[in-house]
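Quick notes on the structure that follows.
The values are calculated or read from the model by the stated rules, or taken from the named source; none is laboratory data. These numbers were taken from a predicted model, which means no experiment stands behind them. Cβ sites come from the backbone with ideal geometry, for glycine too, and all protein chains shown count toward neighbours.
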Amino acid sequence: MQSAPEPIPDGGTKAWVQVLCSWIILANSWGLVNSFGMYQTYYENGLLSNTTSSAISWIGSLQGALLLILAPVSGTLYDAGYFRPLLLAGLFLIIFGQFITSFATSYWQILLSQGICIGLGCGLAYVPSTAILSQYFQRRRALVIGIASTGSPVIGIVFPIIFGKLQPALGFPWATRLIALILSVISVIPAAAMRPRIKQKADIRSFIDGSAIRDPAFALVVVGSFFVYLTLYVAFFYIQLFGIKHHITSIDSSSYLLMLLNAGSIPGRVAPNYLADRLGALRIQLSVTTISAVVMFAWLGVRNLGGLIVFALLYGLFSGGVVSVTPCLIVALSLQPEKIGTRMGMVFFVMGFAVLAGTPIAGAILGSGDGDSWTSTIAYGGGSMMMGAVAYTGAIFMSWNR
């Protein structure tokens, strides 16, 4: 006779330690993606000044894309019980990639170390560290995922400050190495304390859940997420360059714009998830996506520092909600808990190609950043996100018939 599964604790010391560990993993992964704008600006004006903006953005895009594209592998292996190997391998690659970036002197060296190596590490660690929270929380699941996801904007604030202060004084290599040291120190906690509550069978299934493909609501969420993530990070990559090109900020002070984006994102990671537990993740995702698109279009009217600060805070707030509600959306549409990792992998895989292509497309539209190219770039950003909102609207209607 098979014993009944233990109830999900929905709290307790061990459960909240897992939230802390997840916070650190998201800081180490999405936090590096969110703060790539500091490197984008530095590379364009220093180390890679002869390289186009679009080519440089491929480094950060590849980092974020691999984080998502590897999700089918990491999600399926997580479901099969390989949480610890995924976690430890991911942490090692993130730290190693950041460290060897400090020795890079050419575009291809940086692409391999910062784009590919860090991206691979993020891709192995991200999905398992998010999915594991569903083993410890049920009633407040969306809220704790939101709390954990604040790790990325916090790091998105801290790292630009560190890099901005240390790079002029110590140079690019040592500023980058010190960031690698910080990553190493905080990674000790999840490496030591993060453990799954349920021992899963070492049974590797398909990377694709066929029932998800046949679910119209889920399929529309995949389509919507592609269009949203295609341009979600355009502002994070190019807001500093916007301030410099429009003579609103200097090169030195432009890093504060990226910090404001990430600061706005902190409450945006928690409040929408709190509402998602009560009103439904799909409705909240539609709301924050639509508002993010509207704020993106409002960027067209920014002409001074005050306007740019307001834009950064508002876009950070609502785009942060988009990012933190996305995993909750997948969990809510996954009726079988043992397939959550696989379904996350499917959605994130599609989103990964969007992230990979989205900001380089924006960079190609932008060109040198002079003239009317900003209008076209911003319109591309807002338009794609609005298309995602339309798909989410369709998903809501389809979910009523599930």
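Residues that are in contact with a Leu (Cβ under 7 Å, 6 or more places away or on another chain) and crowded, with 24+ Cβ neighbours inside 10 Å within segment 330-350 comprise just one, 348.
Here's the yes/no breakdown for (1) outside any helix (DSSP H, G or I); (2) under 19 Å from residue 285 (Cα atoms):
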residue: 128; (1), (2): no, no
residue: 133; (1), (2): no, no
residue: 137; (1), (2): yes, no
residue: 147; (1), (2): no, yes
residue: 154; (1), (2): no, no
residue: 161; (1), (2): no, no
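Take the conditions (1) under 20 Å from the mean Cα position of the chain (by Cα); (2) at pLDDT 90 or above; (3) over 29 Å from residue 244 (Cβ atoms); (4) not charged (D, E, K, R); residue 354 misses just one of them, which is (3). The condition of being farther than 19 Å from residue 92 by Cα and in contact with a Pro (Cβ under 9 Å, 6 or more places away or on another chain) holds for only one of 50, 28, 34, that being 34. Among the residues of segment 199-248, just one is at pLDDT below 90, among the aliphatic types (A, V, I, L, M), assigned to a helix (DSSP H, G or I) and closer than 17 Å to residue 68 by Cβ, namely 212.
When the residues of segment 111-146 are narrowed to those that are at pLDDT 90 or above and out of contact with any Leu (no Cβ under 9 Å at 6 or more places or on another chain), which ends up nearest to residue 55 (Cα to Cα)? Step by step, filter segment 111-146, then rank; the result is 112.
What residue, of 169, 71, 125, is small (Gly, Ala, Ser), at negative phi and without any contact (Cβ under 8 Å) to a residue 60 or more places away in the chain? Spell out the reasoning first.
Values: 71 fails: without any contact (Cβ under 8 Å) to a residue 60 or more places away in the chain; 125 fails: without any contact (Cβ under 8 Å) to a residue 60 or more places away in the chain.
After ruling out the rest, the residue left standing is 169.
Hey, can you tell me all the residues within segment 255-294 that are hydroxyl-bearing (Ser, Thr, Tyr), within 25 Å of residue 19 (Cα to Cα) and buried (at least 22 other Cβ atoms within 10 Å of the Cβ)? Scanning segment 255-294 gives a single hit, 265.
Return yes or no: is residue 73 hydrophobic (A, V, I, L, M, F, W, C), modelled with pLDDT under 90, crowded, with 20+ Cβ neighbours inside 10 Å and under 18 Å from residue 348 (Cα atoms)?
On the way: hydrophobic (A, V, I, L, M, F, W, C): yes; modelled with pLDDT under 90: yes; crowded, with 20+ Cβ neighbours inside 10 Å: no; under 18 Å from residue 348 (Cα atoms): yes.
No; evaluated as a whole, the condition is false for this residue.
Could you grab me the full set of residues in segment 271-294 that are touching a Cys at 6+ places or on another chain (Cβ under 7 Å) and of a type in the set (S, T, N, Q)? Within segment 271-294, 273 is the sole residue that qualifies. Among the residues of segment 76-84, is there at least one that is of a type outside the set (D, E, K, R), surrounded by fewer than 18 Cβ atoms within 10 Å (Cβ to Cβ) and assigned to a helix (DSSP H, G or I)? Within segment 76-84, not a single residue is of a type outside the set (D, E, K, R), surrounded by fewer than 18 Cβ atoms within 10 Å (Cβ to Cβ) and assigned to a helix (DSSP H, G or I). Among the numbered conditions (1) at pLDDT 90 or above; (2) among the aliphatic types (A, V, I, L, M); (3) under 19 Å from residue 34 (Cβ atoms), the only one that residue 157 does not meet is (1).
Residues in segment 295-309 that are of a type in the set (Val, Ile, Thr) and crowded, with 20+ Cβ neighbours inside 10 Å: 295, 302.
Might you check whether a residue that is touching a Leu at 6+ places or on another chain (Cβ under 8 Å), surrounded by fewer than 18 Cβ atoms within 10 Å (Cβ to Cβ), of a type outside the set (Phe, Trp, Tyr) and farther than 26 Å from residue 171 by Cα occurs anywhere in segment 88-110? Yes, some residue in segment 88-110 is touching a Leu at 6+ places or on another chain (Cβ under 8 Å), surrounded by fewer than 18 Cβ atoms within 10 Å (Cβ to Cβ), of a type outside the set (Phe, Trp, Tyr) and farther than 26 Å from residue 171 by Cα.
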